[in-house]
Every structure is written in C-alpha cells, then in structure tokens.
Amino acid sequence: MELWIRSQDKEALIKVDKIFYWNTCPEMPNTGKHYLGNKEWVGNADYTKLGEYKTKERAIEVLDEIQYKINNYVADVCMARAIYVGESQEPTYVYEMPKE
C-alpha cells in the first residue's frame with residue numbers, strides 16, 4: 001500500500017513509509033510544541049514536518065487516526081479484491097493532516 005500525506009500547512013504532499021513523533025530538535029528549539037514528521041529526527045536528517053500540535057497526546061491521537069484509516073482502507077481493499085479478482089495494482093491512500 002502506498003501512503004501519501006498532505007502536510008498540515010498544505011504545502012507538501014509526501015509519499016511516506018514511516019511517521020515519527022518528536023518534541024524538539026536543533027532547528028525547532030523546545031517551544032512546547034509536538035511534531036509529526038516523515039523521518040525520525042537524527043542530526044541533519046532530511047525530514048518534513050507533517051504536523052505540529054500543542055500536546056504529545058494530540059500528536060499520538062493523530063498517529064492513531066492514521067493507523068485506523070490505514071487499517072480500514074486495507075480491509076476495504078481486501079474485500080474488494082475478494083469480489084473483483086484480478087486487481088493487481090497496489091492501493092494508494094492520501095491522508096490530510098488535521099489543523100489542530
């Protein structure tokens with residue numbers, strides 16, 4: 001399955017295979033905000049901030065929502081493939097990051 005995510009600021013649409021939580025990094029000093037991005041913050045990693053939230057709990061809720069939507073989407077695709085045999089293309093899903 002391909003997963004694409006539209007960033008919270010609407011300026012990026014990124015194909016991702018992993019999403020990470022972090023709350024600080026050298027380029028974003030500890031401001032009390034919590035971030036989700038396409039890569040874990042390590043040194044000068046090439047990452048894209050997908051969303052910024054006021055609490056860790058809200059960031060984790062967004063991760064939970066992405067997981068829920070992926071699980072439901074995959075289940076729907078599996079059911080559709082069971083009905084329409086011969087579908088060989090991998091499913092694609094686009095998730096749009098919530099504003100808050």
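Nothing in this text is a laboratory measurement; each read-out follows from the coordinates by a stated rule. Please read these numbers as outputs of a predicted model, since none were measured by experiment. Quick reminder, even Gly has a Cβ in these numbers, built from the backbone with ideal geometry, and neighbours come from all protein chains shown.
The table below gives the values:
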| read-out | value |
| --- | --- |
| Amide N of region 1-21 lying under 13 Å from the label point, which is placed 7 angstrom from the Cα of Q67 along Cα→Cβ | 19-21 |
| Backbone HN-Hα couplings from phi across region 14-24 [Karplus 6.51/-1.76/1.60, Hz, Gly and Pro as x] | 10, 7, 10, 10, 8, 10, 10, 9, 8, 10, 6 |
| Summed side-chain charge close to E52 - residues other than E52 whose Cβ falls under 11 Å, Lys, Arg +1, Asp, Glu -1 | +3 |
